[in-house]
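Q: Please find one structure pasted underneath; my questions will follow.
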Amino acid sequence: MRGLRLSLVLLLTAAAVAAAQEWRRGGWGGRGEGFAPPRYMKPDDYDGKFTFCRLQYTRVRPQQRGLGWSTDYPNADQNFSIRLSELTTTAVSMKGREPNHYVVRATDESIFLCPFVIASDPASAGFSPEEAAGLRAYLLKGGLLWADDFWGPWAWEDWLGEIGKVLPPSQYSVQEVPADHPIHRALFEVASIPQVPSFQFWWGSGGQTSEMGSYSEGAHMAAIFDRQGRPMVIMTHNTDIQDAWEREGELPEYFLEFSPKGYAVGLNVVLYGLTH
């Protein structure tokens, strides 16, 4: 396991250097300026290989430093897919040198082609009855939703209200994922969920990690499981795991502190979800 962690750091270090160079030429190593339009999946796009899917939703309430569904899009999606292809034997869907990645809505039929769906800034979401029904069908048929990058008790309560429309809490309770759960050892040993701040907060605060001070101390992972113990919803709260992917080529200090830990969590969640 120690050798695996060292391999992860060494490979990602080399990759981050290349990514930073690629970004300066307009590639995906860091986050460029401007908003990238959503890239929707069409039925003919599906080739049976892994594709990163991001949930698009209607933003009904603001959250601190949140940007809605497009937070971390699209560089987190691209970078994670590349590292998944490098660090595992997973067949990743590609178009030339760029991994395929798509934006899906809960009411899209294409959501059923997604191995997992990630939601950024999820406490900003407001699910309509149709969207709640679409997500419920996806999750009960074997899908996995990962909610990431929401901070503090108010965002937590807002998100519980929204996901409760999808999976009623009287039937599907939210549970903390214990440290000994096998999801934390799917590929890498993760002793605790790292608190990954956004690059902007980390840089502007002189290296702090809790974006809401005492209100967001301590990152944690919670989940909603089905009756067989399969995780349907994963929640990483008080942390921005995706920024560890999105910003891997931004600055060596940020990369070394957060990217290996963030990729370890991400690879564990996705691999466990694909195999359970």
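Q: Quick one: would you say ARG65 is modelled with pLDDT under 95, more than 22 Å from VAL265 (Cβ to Cβ), assigned to a loop (DSSP other than H, G, I, E, B) and open to solvent by 10 Å² or more (accessible area, probe 1.4 Å)?
A: No.
Q: What are the pairs with Cβ atoms under 6 angstrom where one residue, in the stretch 54-78, is more than 14 Å from ARG105 (Cα to Cα) and the other, located anywhere, is modelled with pLDDT under 95? Sequence gap at least six, or different chains.
A: The qualifying pairs are PRO74/ALA36; ASN75/TRP28; ASN75/ARG31; GLN78/TRP28.
Q: Given the residues ILE111, ILE193, which is the only one that is at pLDDT 95 or above, surrounded by 13 or more Cβ atoms within 10 Å (Cβ to Cβ), outside any loop (DSSP other than H, G, I, E, B) and on the phi < 0 side of the Ramachandran plot?
A: Going through ILE111, ILE193 in turn, the sole match is ILE111.
Q: Taking the stretch 114-151 on its own, how many of its residues are outside any loop (DSSP other than H, G, I, E, B) and either at pLDDT below 95 or open to solvent by 20 Å² or more (accessible area, probe 1.4 Å) (or both)?
A: 7
Q: Let me ask something else. Since LEU274 meets every condition but one in (1) farther than 20 Å from GLU86 by Cα; (2) surrounded by fewer than 17 Cβ atoms within 10 Å (Cβ to Cβ), which condition does it not meet?
A: Status for LEU274: all satisfied but (1).
Q: On to the next question. Given the structure, is LEU55 hydrophobic (A, V, I, L, M, F, W, C), modelled with pLDDT of 90 or more and open to solvent by 20 Å² or more (accessible area, probe 1.4 Å)?
A: Here the answer is no, as LEU55 does not meet what is asked.
Q: Test GLU217 against the criterion of being at pLDDT below 95 and either in contact with a Phe, Trp or Tyr (Cβ under 7 Å, 6 or more places away or on another chain) or open to solvent by 30 Å² or more (accessible area, probe 1.4 Å) (or both), and give yes or no.
A: Yes, satisfied.
Q: Right, another one. Only one of these conditions is not met by GLU162: (1) free of Cβ contacts under 8 Å to residues at least 60 places away in the same chain; (2) among the acidic types (Asp, Glu); (3) surrounded by fewer than 21 Cβ atoms within 10 Å (Cβ to Cβ). Which number is it?
A: For GLU162, the failing item is (3).
Q: Filter the stretch 78-108 down to the residues that are buried (at least 22 other Cβ atoms within 10 Å of the Cβ), of a type in the set (Ser, Thr, Tyr) and in contact with a helix residue (DSSP H, G or I) (Cβ under 9 Å, 6 or more places away or on another chain) and list them by number.
A: Within the stretch 78-108, just TYR102 meets the criteria.
The values are calculated or read from the model by the stated rules, or taken from the named source; none is laboratory data. Computed from a prediction, not measured in an experiment: that's the story for all the values here. For neighbour counting, all protein chains shown are included, and Cβ atoms are generated from backbone atoms with ideal geometry for every residue, glycine included. For accessibility, only protein heavy atoms count, side chains too; no ligands or nucleic acids. Shrake-Rupley method; radii C 1.70, N 1.55, O 1.52, S 1.80 Å.
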